[in-house]
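Taking it in order: structure first as structure tokens, then the write-up.
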């Protein structure tokens, strides 16, 4: 089988490698990989040309040396296994407890794992490098949980764009793909280097200043058009306020928050 070549076409090099290894029935260290065509990126990684990869089976390593080495390490393995056994047994309950604790916190939720994988792939297709983490929004009060996606890396300003237009488009595309992949309605809030967090802090401060005005004048106040996540931040900030209430009005993308005095 040495010297056998196989060409695979797939969305990414990783997928091409995985498919090729599956067809050959080999592991990654048994083949050499050559990227024949790195493909082209479409909008957010969609609609582009797929990559083409050639896998070549490596010649087998010498079999004499491993055979001669087998009798020598055998006693060493037995000697090493004796002291290791109790340490492994002692660590299992602790490891299991840590894993269960993480599961309780949602760290291994399949929906979060899928979200991280899809967002990471989209970023890869954009030619960027970043770390992606996803978690459920702690402020959720209904069954439709919002997933917060945090993206960290260097030189990601292009992913935000002017007035976050690119980031909002990226968020929309990612939400559609995650929803299709998981066959359920999914709401993502994608943040890059804390941009949305800083912006939401600003709109909360604006809303609090407008509350003072509403209380003084007794008249409702309409804020500037905002994204759904920004409007939601204001609703949460003013939820339960003794003097005012809030509501959203208008149509996307010009939907606004209205602060109304309580009677």
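The values are calculated or read from the model by the stated rules, or taken from the named source; none is laboratory data. In this text the structure is predicted, and so the values were computed from the model without any measurement. Cβ atoms come from the backbone with ideal geometry, glycine included; neighbour counts cover every protein chain shown.
Observations
- 1 or more residues at pLDDT 90 or above, closer than 28 Å to residue 112 by Cα and under 29 Å from the mean Cα position of the chain (by Cα): qualifying strands (runs of 3 or more DSSP E) within region 154-263: 187-192
- Residues located in region 126-152, provided they are assigned to a strand (DSSP E or B) and either more than 19 Å from residue 116 (Cβ to Cβ) or at pLDDT below 90 (or both): 146
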